[in-house]
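A.B. asks: One structure is given below, represented as structure tokens, and several questions about it will come after.
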Amino acid sequence: MTVDDIHHLRRAFDVAELNGDAKSLDGLLTDDFRSIGEQGFVLDKAQWLGKFTEFAYTSLESSDVEVCLYGHAAIIRCVQRSHSTWRGQEMTLTVRVGQTWVEDSERWRLAGIQFSSLSDV
């Protein structure tokens, strides 16, 4: 696995998120995946995949992407700007994102993601 391969996985995750593609996301996430939201809420894999019943991105862009590769694990840090709707309300967010990717017996998958609010930068 190379840094470029990890970038490819991050982009595949972003595309699946943007398209609300729960099937692709299911394959990209570990079974024990956890998301920690900008306000501290924790979602497991099933809750993350289920969010698309009330949530949809209209745009999603990542910048300032940094990848650190550690053998069978990789850390991605980036800034993400998004426009979305949640329960009918439009939202615009700028967040710092940390992703933890791991290589398990099958393939590389996302084990965790954490969001921290940023003022619009």
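A.B. asks: Select, from ASP64, ASP31, the only residue that is among the acidic types (Asp, Glu), part of a strand (DSSP E or B), on the phi > 0 side of the Ramachandran plot and free of Cβ contacts under 8 Å to residues at least 24 places away in the same chain.
C.D. replies: Every option except ASP64 fails the conditions.
A.B. asks: Among the numbered criteria (1) farther than 15 Å from GLU61 by Cβ; (2) in contact (Cβ under 8 Å) with a residue 12 or more places away in the chain, which one does GLN80 miss?
C.D. replies: So GLN80 meets the others, but not (1).
A.B. asks: Test each condition in (1) in contact (Cβ under 8 Å) with a residue 40 or more places away in the chain; (2) under 18 Å from ARG109 (Cβ atoms); (3) not aromatic (Phe, Trp, Tyr) for GLY37 and report the one that comes out false.
C.D. replies: For GLY37, the exception is condition (2).
A.B. asks: If you check VAL79 against the conditions, is it modelled with pLDDT of 95 or more, surrounded by 11 or more Cβ atoms within 10 Å (Cβ to Cβ) and in contact with a His (Cβ under 9 Å, 6 or more places away or on another chain)?
C.D. replies: Taking the combined requirement at face value, the residue does not satisfy it.
A.B. asks: Which of the residues belonging to region 67-87 are in a strand (DSSP E or B) and more than 13 Å from the chain's Cα centre (by Cα)?
C.D. replies: VAL67, CYS68, LEU69, TYR70, ALA73, ALA74, HIS83, SER84, THR85, TRP86
A.B. asks: If you don't mind, another one. Which numbered condition in (1) among the hydrophobic types (A, V, I, L, M, F, W, C); (2) touching a helix residue (DSSP H, G or I) at 6+ places or on another chain (Cβ under 8 Å); (3) without any contact (Cβ under 8 Å) to a residue 12 or more places away in the chain is the only one that VAL42 fails?
C.D. replies: Status for VAL42: all satisfied but (2).
The values are calculated or read from the model by the stated rules, or taken from the named source; none is laboratory data. This is a predicted model, so every value here is computed, not measured. Heads up, the Cβs are rebuilt from the backbone with ideal geometry, glycines too, and the neighbour counts pull from every protein chain shown.
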